[in-house]
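Worksheet for the structure shown next.
Coordinate-derived values only; no laboratory data. Since the model is a prediction, treat every value here as computed from it, not as a measurement. Cβ: placed from backbone, ideal geometry, glycine included. Neighbour counts: every protein chain shown.
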Amino acid sequence: MTKQINLDNITIFVEDDLHSVARRAADVFAAVLTAAPAGTYGFATGSTPVGMYQELIARYRADELDFGGITAFNLDEYYPIAKSNDQSYEHFMKTQLFDHINVSKDNIDIPNGEAIDPEAECMRYEKAIRANANNFELQVLGIGENGHIGFNEPTDHFPAHTNYVELDKSTINANARFFDAVDDVPKHALTMGVGTIMMAKRVLLVATGFKKSDVICQTLLGAINPCISASALQMHRDVTVVLDADAACALLAQL
Ligand code: F6R
């Protein structure tokens, strides 16, 4: 049975299993999309949103959703990485979602892991998102075990803009599961900043599994601290968090 918890600006759903997480997250996305079919949407990669993307594809095929008017941005991309590399986030977004829905290819922007100058690419990307800021309807997020959103790794400040980052050792190790060897994981990335993410009118954060339990509790109930960049979401006006029971267990023990 779904448990719903309302903090001031944050609504938390705790679902029994991964299938219900995917459905709930898709419900949240679909409600925003239906209300704002020409809006700007920010997407995430990683294993967490895959189930939600499958639900969205199924609802598109059932004629329940129309992505034809949206503008799509992506949270982040490894750097450097070829777009054709099957571990690039460009490839992920195409295969997991964009190739299966009617989003216009001209309205998709993903940080360019092939750019010659990563700092210049960050500036281009931030400018492109800011040009769409007034209809930036929803940002989808997963969370790292170290509390990162996007690739905003633990540091002493909340990055305001899209930035070029060195990945944390823990992130490289966590993402090694997608590569042949840990040494193949790129050491850097281009990521929306925390400030970029905070521009979205709504945020949908999804987390599953015991490994995320402690960091979810700290994110939602702990101090707002750039060592856990997700904790900035406590200051956002409209956040929905969808968890499975495993990811919620430390949080539920505190409430
Ligand atoms: C992905 C991203 C990351 C992931 C996070 C969790 O675009 O920006 O913050 O959301 O690392 O990854 P998974 O879902 O694989 O546990």
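Assorted remarks:
- Its Cα centre serving as origin, the range 1-145 has a Cβ charge dipole (Lys and Arg +1, Asp and Glu -1) of approximately 280 debye.
- Gyration tensor verdict on the range 160-218 (Cα atoms; rounded if a/c is under 1.5, prolate if a/b is larger than b/c, oblate otherwise): oblate
- Backbone phi angles across the range 30-42, fed through the Karplus curve with coefficients 6.51, -1.76 and 1.60 (θ = phi - 60°), yield HN-Hα couplings of 4, 5, 5, 4, 5, 6, 9, x, 10, x, 9, 10, x Hz in residue order; Gly and Pro are listed as x.
- Cα-centred dipole magnitude for the range 96-151, charges only on beta-carbon of K, R (+1) and D, E (-1), debye, nearest 20: 200 debye
- P(r) weight above 20 Å for the range 80-184, C-alpha pairs, percent: 49 percent
- Note that the range 55-60 has calculated 3J(HN,Hα) couplings of 4, 5, 4, 4, 6, 5 Hz, one per residue in order, obtained from phi through the Karplus relation 6.51 cos²θ - 1.76 cosθ + 1.60 (θ = phi - 60°); glycine and proline are x.
- Dipole size of the range 44-118 about its Cα centre, with +1 on Lys/Arg Cβ and -1 on Asp/Glu Cβ: approximately 180 debye, rounded to the nearest 20.
- Most tightly packed first, judged by the mean number of other beta-carbon atoms within 10 Å of their residues, the peptides 235-244, 139-148 read 139-148, 235-244.
- Separation of alpha-carbon centers, the range 35-70 and the range 98-119, rounded to whole Å: 16 Å
- As an equivalent ellipsoid, the range 1-138 spans semi-axes of 27, 17, 16 angstrom, where each value is the square root of five times an eigenvalue of the C-alpha gyration tensor, largest first.
- Cα gyration tensor shape of the chain, rounded if a/c is under 1.5, else prolate or oblate by comparing a/b with b/c: rounded
- Options GLY42, ILE10, PHE178, ranked by Cα towards positive dipole end of the chain, top entry (Cβ charges): ILE10
- Potential extension, ASP184-LYS169 segment - 0.36 nm per residue separation minus Cα distance: 4.1 nm
- Note on the range 1-75: the C-alpha convex hull projects to 5.7 nm² when averaged across all orientations.
- Percentage relative contact order, the range 155-210, counting C-alpha pairs under 8 Å, at least six apart: 45 percent
- Links that overshoot a 25 Å alpha carbon limit, given the list LYS83/LYS212; LYS83/LYS169; LYS3/LYS94: LYS83/LYS212; LYS3/LYS94
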